[in-house]
Each structure stands twice: as C-alpha cells, then as structure tokens.
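Chemist: Quick one: the structure is below, questions incoming.
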Amino acid sequence: MAYNPQVVDAKIVSHNPKNGLFEIVAQLKDRTVCRLIYGTDATGTLQPTHINRLLKEPCPICRKDFLCNCMSKFKGTISEQALEIAGNPS
Ligand SMILES: [Zn+2]
C-alpha cells in the first residue's frame, strides 16, 4: 500500500542544547500524530533516530489503535517535512 504522509503541522516539544537532542511532534493530514526523536550519528550528522505514533487515532496504514511499526518506514519523509515546518533548533 502506497502511503503518502503529509505533515500539516509540526513543533519542537523538547530540545537539549547540550547534546543537540530534540523532539518534534508532527501532525499529519490524516490526523495521525507522530513524535520524532532526533540525535546525531557517529559523524555528527543530525538524523531522526525514532518515530512513535501517538495513540490518538488508529494507524492509517494497518488500522491498529495500539503500537505498531508502520511509521518507521516513513521516518525520513515525515522528518523532512516536519523539519521544514518546525525548523531545526541546532
Ligand atoms: Zn500500523
């Protein structure tokens, strides 16, 4: 199934300037809400390390209303859009 996530709103909900870690909560057009957790890899490049779907709405892909891993496939896409809206704090 071709899922095409569209971020309509995103904001930084926590940021630790000491280690550069931060979190963004992103709202998608289909009302899915995700929390993205960012960190830096060994070369110091910022990247999303985790994505969690907040359990407000069933998963748009598998329709489960409990934890699933569907969103992890779209981590990069959702992250790109979320950073465009929320900005990069580091
Ligand atoms: Zn799912």
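The values are calculated or read from the model by the stated rules, or taken from the named source; none is laboratory data. Predicted, not measured: the structure shown is a model, and the values here were computed from it. A quick note on method: Cβ atoms are made from the backbone with ideal geometry, for glycine too, and the neighbour counts reach across all protein chains shown.
Chemist: Counting only residues that are surrounded by 12 or more Cβ atoms within 10 Å (Cβ to Cβ) and either under 12 Å from Ala86 (Cα atoms) or of a type outside the set (Gly, Ala, Ser) (or both), which one in segment 36-45 is modelled with the lowest pLDDT? First the steps, then the outcome.
Modeler: Filtering segment 36-45 down to residues surrounded by 12 or more Cβ atoms within 10 Å (Cβ to Cβ) leaves 36-40.
Now narrow it down to the ones that are either under 12 Å from Ala86 (Cα atoms) or of a type outside the set (Gly, Ala, Ser) (or both): 36-38, 40.
Numbers: Leu36: 97, Ile37: 97, Tyr38: 95, Thr40: 86.
Result: Thr40.
Chemist: I'm trying to understand the selection: among the residues of segment 19-35, which are surrounded by 15 or more Cβ atoms within 10 Å (Cβ to Cβ), more than 14 Å from the ligand (Cβ to nearest atom) and closer than 15 Å to Gln6 by Cβ?
Modeler: Ala26, Gln27
Chemist: Which residues, counting only those in segment 5-18, are without any contact (Cβ under 8 Å) to a residue 40 or more places away in the chain and either touching a helix residue (DSSP H, G or I) at 6+ places or on another chain (Cβ under 7 Å) or in a loop (DSSP other than H, G, I, E, B) (or both)?
Modeler: Once the filter is applied, which keeps residues that are without any contact (Cβ under 8 Å) to a residue 40 or more places away in the chain and either touching a helix residue (DSSP H, G or I) at 6+ places or on another chain (Cβ under 7 Å) or in a loop (DSSP other than H, G, I, E, B) (or both), segment 5-18 yields only Lys18.
Chemist: Still on this structure, please answer the following. How about segment 24-56: which of its residues are without any contact (Cβ under 8 Å) to a residue 12 or more places away in the chain and among the aliphatic types (A, V, I, L, M)?
Modeler: Answer for segment 24-56, where residues must be without any contact (Cβ under 8 Å) to a residue 12 or more places away in the chain and among the aliphatic types (A, V, I, L, M): just Ala42.
Chemist: Now, a different point. Answer with yes or no whether Ile24 is at pLDDT 95 or above, under 19 Å from Gly87 (Cβ atoms) and either among the small types (Gly, Ala, Ser) or touching a helix residue (DSSP H, G or I) at 6+ places or on another chain (Cβ under 7 Å) (or both).
Modeler: Details: at pLDDT 95 or above: yes; under 19 Å from Gly87 (Cβ atoms): yes; either among the small types (Gly, Ala, Ser) or touching a helix residue (DSSP H, G or I) at 6+ places or on another chain (Cβ under 7 Å) (or both): yes.
Against the criterion (at pLDDT 95 or above, under 19 Å from Gly87 (Cβ atoms) and either among the small types (Gly, Ala, Ser) or touching a helix residue (DSSP H, G or I) at 6+ places or on another chain (Cβ under 7 Å) (or both)), Ile24 qualifies.
Matching residues to (1) more than 9 Å from the ligand (Cβ to nearest atom); (2) surrounded by fewer than 14 Cβ atoms within 10 Å (Cβ to Cβ); (3) farther than 15 Å from Ile37 by Cβ:
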residue	(1), (2), (3)
Leu54	yes, yes, no
Pro58	no, no, yes
Cys68	no, no, yes
Lys75	yes, no, no
Glu80	yes, yes, yes
Glu84	yes, yes, yes
